[in-house]
Amino acid sequence: MTLRQFYERYGATLAVVAVLALLVVLLPGNAKNEGVQVGAGAGAPSANQSDTGGGDASTADSGGTVAAGGGAAGAGSSQGGTRIASAGSGPTQVSIGKGPNCRTDGQYAGRQKGISAYMPPCVSFSGSNGGATSRGVFGDKIVVVAYSIAVDPGTRAILVGAKLSDEIATVRRAYEALRLYYNNHFETYGREVQIINMDASGKATDDEAMKADVLKIANDTKAFAVIEGNPAEPIPKVFAQEAAARGVVCICTVSMRSGFYQENHFGGPSGPNMLWSSLPTITEYSAMMAEYICKRLAGKPAKWAGTNVPDLKTQTRKFGLIYLEGREGKVDPEGKKAADELSGYLSKCGVSFAAQVGYLYDPGRNQADVTNLVAKMKGNGVTTIIPYVDPLYPILITREATNQQYFPEWLIAGTGLSDTTSAARLYDQQQWSHAFGISPLWVTWATKAKSSGYREAHHGDPTLKPDEEGVLINIYKSYFQALFIGIHMAGPKLSPQTFEQGMYNYPRTGGSAALPTVYSNRAYPTLIKDFIEIYYDPNVSGPDERTEQGNGMIMKVDGGKRYAPGQWPTGEPHVFNSAGAATVTDNPAGGGDPPHEQDGHAHNKKCLSCS
């Protein structure tokens, strides 16, 4: 079977690329406000901003411990002082930690009232907001584009039927429900956030169409920001680069290198970052992977490999890397740069790759490519493979490894959805039963109706019936939460500069099993900053990340205990041991979302402080 035949037969699996890569959403946290800055301006300091020089802020000590910049995780803000941006004209009053919109209950005290405990510090506003403070920002509204790239009808029908996507009408109704909720729970300083739906003029692979659309958004629509409008077809890198160059805030990237963000500041290296997302940068994945290997795996036998001839279990680990280098015949230099970063980190504790293979994602290429890839790993005596991959090719790669009777350890780095139950169930189960490693994900909910995205959508639009919010509601909400946190923390004088500083000033939140530590800084302008240890058990049943029941689960070691950079312990990993391992729960250790009214609570204003 060629890859094209595989694609035509199993096209639904491609949805994993678009869907699960965005599964990491802002989950509830429990941090309190401790002297948070709001809208301090692009030049103001932030405790989260430990590196302002750009590029790689990671370090390695003599013992091989690799740690990303940004400091350790914390349950609250360590920032001192308060600075509030002034409005353009007229009296303005902004009070932090005071007013009718502040929670006062226990661990949530000082946070804005709302469903997610990742709500920002509460703010009370009155007076002038300064009017038009930036492109797309007016006295009474903020213009945001939801940008949608079309998926062909046949593929969309497959995805919808497999519950891996929603019809575009469902997506847009969910977006409107979320827009209503967020406008009435976050402080937007008298401005209503309005969403304009825009369809792409070409395919995601059409660079010129992507650039032309950004030009239209910047010059004709004059939007302040762009969010993903159709997760079934993610916004490509060239669109994000063009948006940054045009000064349009874009919540549209997934796990790029730290250097990529530094290279795409608006107006040059000293300008504001314009690109944001939830998942860590690939630099952070690599730093954490290297720390995990150096402290826990290097120099030891590959004890969790399968049955091989010769026996890999008794051999000292030899590591191999398989990495995505581009798609459909087009090489993307970002893939090789990411691979080189990982190699650089590992070299600091004396680890090198016995084999390293890049591949081009292309369903039309011959199966021989996969055969040769696996043969190279096997021929070089690799005991432990690190997959920096897309979600489709591991289906082919693991199947081919079994065909070649080659059963190495598969060391999950958290990239390419290899850390999700939904994707793991698609892989060869003989192979993935030897998979373990690290992940930035969390112990997920067992019931979708208890998730923050579901609750927010039904709170924003009480007329929604169950399931009308869409199967991917917790992906959709992630764009809104990042957007509104930046607006809320920017203060009345909204601009790309104050949006950026507002994101940096958002206090560190989370750090428990169900609550990743979330904050951002200039070196790493994405959100999740800590990881857990995981393994895959094909014999455990339960709901996946979409709450779909099935066999095989990603197991979270030690109940989902999270580790910040530099905190991984030495000694044997605690994998392939069900004692204390977690899968899903509606009552997570450390708590979840705070209580909030779910019905009979109508919001009739355009925004929280609109007249």
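The values are calculated or read from the model by the stated rules, or taken from the named source; none is laboratory data. Just so we're clear, the structure is a prediction, and the values are computed from it rather than from any experiment. When we count neighbours, we look across all protein chains shown, and the Cβ atoms used for this are built from the backbone with ideal geometry, even at glycine. Remember, those area values only see protein heavy atoms, side chains included, never the ligands or the DNA or RNA. Shrake-Rupley method; radii C 1.70, N 1.55, O 1.52, S 1.80 Å.
For region 115-247, a simple Cβ point-charge model (Lys and Arg +1, Asp and Glu -1, everything else neutral) yields a dipole of about 240 debye relative to the Cα centre. Once you reduce region 478-497 and region 330-387 to the center of their Cα atoms, the two points are 39 Å from each other. About its Cα centre, the dipole of region 390-518 is roughly 380 debye, where the only charges are +1 on Lys and Arg Cβ and -1 on Asp and Glu Cβ. Put +1 on the Cβ of every Lys and Arg and -1 on every Asp and Glu Cβ in region 187-324; which of 201, 251, 219 then has its Cα farthest towards the positive end of the dipole? Result: 251, furthest along the dipole toward the positive end. Across region 424-531, C-alpha contacts under 8 Å between residues 6 or more apart give a mean separation that, scaled by the residue count, equals a relative contact order of 22 percent.
Shown is the FRET efficiency for residue 610 and residue 150, computed with R0 = 30 Å from the Cβ-Cβ distance and rounded to the nearest 0.05: 0.30. The modelled label-to-label distance for the pair residue 405/residue 311, using points 7 Å beyond Cα in the direction of Cβ, is 1.7 nm. Label points 7 Å out from Cα along the Cβ direction at residue 352 and residue 176: separation in nm? With each label point 7 Å from Cα toward Cβ, the separation is 6.1 nm.
Scoring 267-280, 460-473 by mean Cβ neighbours within 10 Å over their residues and listing the highest first yields 267-280, 460-473.
Ligands, DNA and RNA left out, the 1.4 Å accessible surface of region 317-372 is 50% carbon and sulfur atoms. The mean sequence distance of close C-alpha pairs (under 8 Å, at least 6 residues apart), as a share of the length of region 249-361, puts its relative contact order at 24 percent.
FRET efficiency for the pair residue 375 and residue 222, taken as 1/(1 + (r/R0)^6) with r the Cβ-Cβ distance and R0 = 60 Å, rounds to 0.65.
Over region 367-480, accessible surface divided per residue gives 25 Å², non-protein components excluded, 1.4 Å probe. Element breakdown for region 461-579 at a 1.4 angstrom probe: carbon and sulfur atoms account for 47% of the accessible area. Extending 7 Å from the Cα toward the beta-carbon at both residue 467 and residue 104 defines two label points whose distance is 4.3 nm. Dipole of region 474-599 computed with +1 at Lys/Arg Cβ and -1 at Asp/Glu Cβ about the Cα centre; of 479, 565, 525, farthest Cα towards the positive end is 525. Taking each of 313/561; 303/378; 318/529; 141/529; 211/237 in turn, the alpha-carbon distance tops 21 angstrom for 313/561; 318/529; 141/529. Placing a label point 7 Å from the Cα of residue 429 along the Cα-to-Cβ direction, the residues of region 528-545 whose backbone N falls under 16 Å of that point are 536-544.
Using the Cβ-Cβ distance between residue 541 and residue 132 with R0 set to 51 Å, the FRET efficiency from 1/(1 + (r/R0)^6) comes to roughly 0.35.
Over region 520-562, what is the relative contact order in percent, taking alpha-carbon pairs closer than 8 angstrom and at least six residues apart?
Working: 55 pairs, mean separation 16.4, N = 43.
Relative contact order for region 520-562 comes out at 38 percent.
Straight-line reach from residue 465: taking Cα to Cα under 16 Å and skipping same-chain neighbours fewer than 8 places apart, the lysines in range are 448, 450.
Positive end of the dipole of region 500-611 (Cβ unit charges, origin at the Cα centre): among 585, 603, 554, the Cα lying farthest that way belongs to 603.
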